[in-house]
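The values are calculated or read from the model by the stated rules, or taken from the named source; none is laboratory data. Since the structure is predicted, the reported quantities are computational estimates derived from the model, not experimental observations. Note that we place each Cβ from the backbone using ideal geometry, even for glycine, and neighbour counts take in every protein chain shown.
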Amino acid sequence: METKREEEAKGPSPAHRGRREGGSIRPILDSTRPEVRRKARPVRRITRQIWKLLDDMAVTMYDADGVGLAAPQIGVDLRVIVVDVGDGLIEMINPELLKAEGEQTGYEGCLSVPGYVGEVTRARHVRVTGLDREGRRLWVDAEDFKARAFQHELDHLDGVLYVDKAQHVVRLPPETAYRLVFMGTPEFGVTVLRRLARHGFKLSAVVTQPDRRRGRGQALLPSPVKRQAQEYGVTVLEPENPRDPAFVERLRELRPDVIVTAAYGFILPPEVLAVPGVAALNVHPSLLPRYRGPAPIERALMAGERETGVSIIRMSERVDAGEVLAQRAVRVEEDDDAGSLGAKLAAAGAELLIEVLHRFATGEEVVATPQDEALATRAPKIRPEEERLDWSRPAVELVNRIRALSPRPGAYTLRRGERLKVFRAEAAAAAEAAGGPAAGGTAGAAPGEVVAVDARSAVVACGPDGGQRIRLLEVQPAGRRRMSMADFLRGNPLERGERLG
């Protein structure tokens with residue numbers, strides 16, 4: 001069994017996970033060979049030849065990025081299988097299916113039917129028994145994808161292929177033959193990873209930043225990309241520094257054709273960029289050379305951009321300065337914040353990445369355009385002091401800052417000495433700012449002064465002289481959840497004349 005491609009993006013196969021000492025890679029027979037269609041014979045006695053067979057099968061499976069292999073697939077007429085869906089190698093001699101319960105329908109691939117996947121219905125939970133290499137009886141309870149892998153390999157021992165049971169079979173695009181290592185950390189990377197999985201790419205590994213302490217309790221938590229990779233059963237690597245020689249050597253062992261980064265958070269050294277056989281590519285959420293750096297989405301929103309976009313670049317030693325292979329513009333809507341805009345850019349970037357990889361795989365021309373250094377702008381990391389709202393700034397600038405910092409880390413002001421995060425706001429209409437009753441007029445208001453309150457919002461004076469207005473719509477008081485201003489006002493009444501900040 002080759003890939004984990006469940007319906008609705010359950011992802012590709014786990015990666016090459018290592019080699020068993022003493023094993024040799026054997027040719028995998030395709031489905032046209034008669035050996036693949038014969039019913040295998042039971043193993044009568046476990047000998048050194050059986051041990052060697054198990055070693056060879058494991059190495060062959062890992063080399064082909066498979067999650068399972070049956071002896072007939074390498075031309076051996078014996079009832080022997082190996083399975084590894086990411087939680088360790090299982091070797092089984094004379095396996096038997098003892099129990100099958102439930103039902104699941106998903107996509108499967110096969111090392112003997114390369115380039116295709118098919119939708120197959122199988123049992124969701126199975127119990128399988130057999131002998132290990134020492135002749136001891138073992139039992140395995142498996143569910144979901146692992147159950148699917150065991151059923152797939154047991155079928156092979158009876159000369160049955162998944163195509164015999166599939167509702168339909170589809171050809172995979174040529175680019176999915178690439179061995180791919182994905183590097184990412186936050187939600188932006190998750191979106192790209194999911195799209196690659198749905199497309200059928202073989203993920204040799206996912207690289208992400210190590211678990212970090214987060215939240216009020218400072219619990220040690222995995223990155224969003226790590227959580228997604230674990231759901232797919234893909235090998236996860238978490239180097240403290242990608243320059244670590246042991247990590248670089250591990251990458252070389254994986255033999256990726258392509259390395260893709262999407263908001264990984266580390267600068268890759270030359271020795272990593274030299275590893276892939278085809279290219280090392282980055283999905284960057286801006287129209288480069290504008291907004292190079294770690295915060296392109298936030299900086300574009302702060303600047304009030306009405307359009308931004310995504311770039312696929314061939315990575316170089318300089319941050320975000322590599323040759324541009326493709327770009328796509330994305331409109332910035334007035335109600336976009338960093339969360340919604342980031343989601344749109346990640347989706348656009350994932351699609352554009354697949355288009356570039358398709359051109360590489362089919363031999364189409366990929367134009368590499370050097371960036372114009374004269375047009376380059378920076379997008380530095382958000383500093384803690386930038387999170388605090390300065391009410392002496394113009395209303396539009398404040399609204400843009402709130403959008404840029406939502407949903408994380410959140411812009412804030414102070415109310416009675418405690419932080420009040422602001423996640424959504426709007427500049428007051430021109431008529432209100434000129435003195436309409438909802439805005440409380442303009443005379444005598446200081447920046448940060450509450451000038452009007454209704455059931456759903458509060459209006460605050462801003463600008464150098466307090467003559468502009470900003471309407472607060474969604475906030476989060478210290479120690480509580482994010483909420484609408486209406487909910488906040490029910491338990492925390494604001495009064496006209498009260499000063500924020």
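A single member of ASP87, ASP77 is more than 18 Å from LEU111 (Cα to Cα), out of contact with any helix residue (DSSP H, G or I) (no Cβ under 6 Å at 6 or more places or on another chain), surrounded by fewer than 21 Cβ atoms within 10 Å (Cβ to Cβ) and outside the structural domain of GLN230 (by TED's automatic domain parsing), and it is ASP87. If you go through region 20-44 and pick out every residue that is closer than 19 Å to VAL59 by Cβ and β-branched (Val, Ile, Thr), you end up with 2.
Name the single residue, out of those in region 400-425 being farther than 20 Å from ILE297 by Cα and either assigned to a loop (DSSP other than H, G, I, E, B) or among the β-branched types (Val, Ile, Thr) (or both), that is modelled with the highest pLDDT. Step through it out loud before you land on a result.
So the first thing to find is which residues in region 400-425 are farther than 20 Å from ILE297 by Cα, and the list is 413-420.
Right, trim to either assigned to a loop (DSSP other than H, G, I, E, B) or among the β-branched types (Val, Ile, Thr) (or both) and you get 413, 416-417.
On the way: THR413: 98, ARG416: 93, GLY417: 93.
Result: THR413.
Quickly run through region 351-377 and pick out the residues that are touching a helix residue (DSSP H, G or I) at 6+ places or on another chain (Cβ under 8 Å) and either of a type in the set (D, E, K, R) or over 23 Å from ILE312 (Cβ atoms) (or both). Matches in region 351-377: GLU351, GLU364, GLU365. Is there a residue being in contact with a strand residue (DSSP E or B) (Cβ under 6 Å, 6 or more places away or on another chain) and over 24 Å from ARG252 (Cβ atoms) anywhere in region 268-285? Yes; the residues of region 268-285 include at least one that is in contact with a strand residue (DSSP E or B) (Cβ under 6 Å, 6 or more places away or on another chain) and over 24 Å from ARG252 (Cβ atoms).
Among the residues of region 247-264, some residue qualifies, meaning at least one is under 20 Å from the mean Cα position of the chain (by Cα) and among the small types (Gly, Ala, Ser). Evaluation of TYR62 against the conditions (1) modelled with pLDDT of 95 or more; (2) part of a helix (DSSP H, G or I); (3) closer than 23 Å to GLY109 by Cβ shows that the sole unmet condition is (1). LEU341 passes every criterion in (1) surrounded by fewer than 19 Cβ atoms within 10 Å (Cβ to Cβ); (2) hydrophobic (A, V, I, L, M, F, W, C); (3) assigned to a helix (DSSP H, G or I); (4) without any contact (Cβ under 8 Å) to a residue 60 or more places away in the chain apart from (1).
Of the strands (runs of 3 or more DSSP E) lying entirely inside region 173-270, those carrying at least 1 residues that are touching a residue at least 60 places away in the same chain (Cβ under 8 Å) and more than 26 Å from ALA295 (Cα to Cα) are 179-184, 202-207.
Right, PHE360: within 24 Å of ALA343 (Cβ to Cβ), in contact (Cβ under 8 Å) with a residue 40 or more places away in the chain and outside any loop (DSSP other than H, G, I, E, B) or not? Criteria not met by PHE360. Applying the criterion of at least 3 residues that are more than 28 Å from the chain's Cα centre (by Cα) and in the same structural domain as ASP55 (by TED's automatic domain parsing) to the strands (runs of 3 or more DSSP E) found wholly in region 119-172 leaves 125-131, 137-143. Only residues that are of a type in the set (S, T, N, Q) and buried (at least 21 other Cβ atoms within 10 Å of the Cβ) were counted in region 388-399, giving 0.
Screening HIS125, HIS152 for residues that are surrounded by fewer than 23 Cβ atoms within 10 Å (Cβ to Cβ), under 23 Å from VAL234 (Cβ atoms) and either touching a helix residue (DSSP H, G or I) at 6+ places or on another chain (Cβ under 9 Å) or free of Cβ contacts under 8 Å to residues at least 40 places away in the same chain (or both) leaves exactly one candidate, HIS125.
Being in a helix (DSSP H, G or I) and crowded, with 21+ Cβ neighbours inside 10 Å is the filter here, so list the residues in region 21-41 that pass it. I'd like the intermediate steps shown before the answer.
Taking region 21-41 and keeping what is in a helix (DSSP H, G or I), we get 34-37.
Scanning region 21-41 gives a single hit, VAL36.
Here GLU385, GLU365, GLU373, GLU355 are screened, and the one residue that is surrounded by 14 or more Cβ atoms within 10 Å (Cβ to Cβ) and of a type in the set (Asp, Glu) is GLU355. Screening ARG44 against (1) farther than 20 Å from GLY118 by Cα; (2) touching an Asp or Glu at 6+ places or on another chain (Cβ under 9 Å); (3) part of a loop (DSSP other than H, G, I, E, B); (4) at pLDDT 95 or above leaves a single unmet condition, (2). Taking region 294-309 as the region of interest, how many residues are of a type in the set (Lys, Arg) and touching a Gly at 6+ places or on another chain (Cβ under 7 Å)? Residues meeting the conditions: 0.
Residue by residue, here is whether (1) without any contact (Cβ under 8 Å) to a residue 24 or more places away in the chain; (2) outside any loop (DSSP other than H, G, I, E, B) holds:
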site	(1), (2)
GLY277	yes, no
ASN282	no, yes
LEU288	no, no
GLU298	no, yes
LEU301	no, yes
ILE313	no, yes
ARG318	yes, no
ALA326	no, yes
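Could you tell me which numbered condition ILE354 fails, if it satisfies all but one of (1) within 19 Å of TYR291 (Cβ to Cβ); (2) within 22 Å of the chain's Cα centre (by Cα)? (1) is the only condition that ILE354 fails.
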